[in-house]
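Each reported figure results from applying straightforward, stated rules to the coordinates on display, with no laboratory input. Treat the numbers as computed from the prediction; the structure is a model and nothing was measured. Quick reminder, even Gly has a Cβ in these numbers, built from the backbone with ideal geometry, and neighbours come from all protein chains shown.
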Amino acid sequence: MKIRALLVAMSVATVLTGCQNMDSNGLLSSGAEAFQAYSLSDAQVKTLSDQACQEMDSKATIAPANSEYAKRLTTIANALGNNINGQPVNYKVYM
């Protein structure tokens, strides 16, 4: 019985040593960010997506329309359509 109690105590001590380096402010911040992500509206998601697309377009090289990849994407895009759930979409090939 004493060995079992000793093993449990050692196990708990081992697990808790990992908690020593945890930052409680970081945990609270993570929880707040998770709640914020959970409570995003559709309009906020659209705005964030538009901003991300604009940033990618400004930093990346977009393939010319006559490139092999752009032609393949055009074939796929024609099958998918240019409007998804009322949201207009456009397709680009990033090189």
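Which count do you get for residues in the stretch 67-80 that are without any contact (Cβ under 8 Å) to a residue 24 or more places away in the chain, over 19 Å from C53 (Cα atoms) and small (G, A, S)?
Summing the residues that are without any contact (Cβ under 8 Å) to a residue 24 or more places away in the chain, over 19 Å from C53 (Cα atoms) and small (G, A, S) in the stretch 67-80 gives 1.
Looking at the stretch 36-95, which of its residues are of a type in the set (A, V, I, L, M) and assigned to a helix (DSSP H, G or I)?
At the first step, the residues of the stretch 36-95 found to be of a type in the set (A, V, I, L, M) are 37, 40, 43, 45, 48, 52, 56, 60, 62-63, 65, 70, 73, 76-77, 79-80, 84, 89, 93, 95.
Of everything in the stretch 36-95, those that are of a type in the set (A, V, I, L, M) and assigned to a helix (DSSP H, G or I) turn out to be A37, A43, V45, L48, A52, M56, A70, L73, I76, A77, A79, L80.
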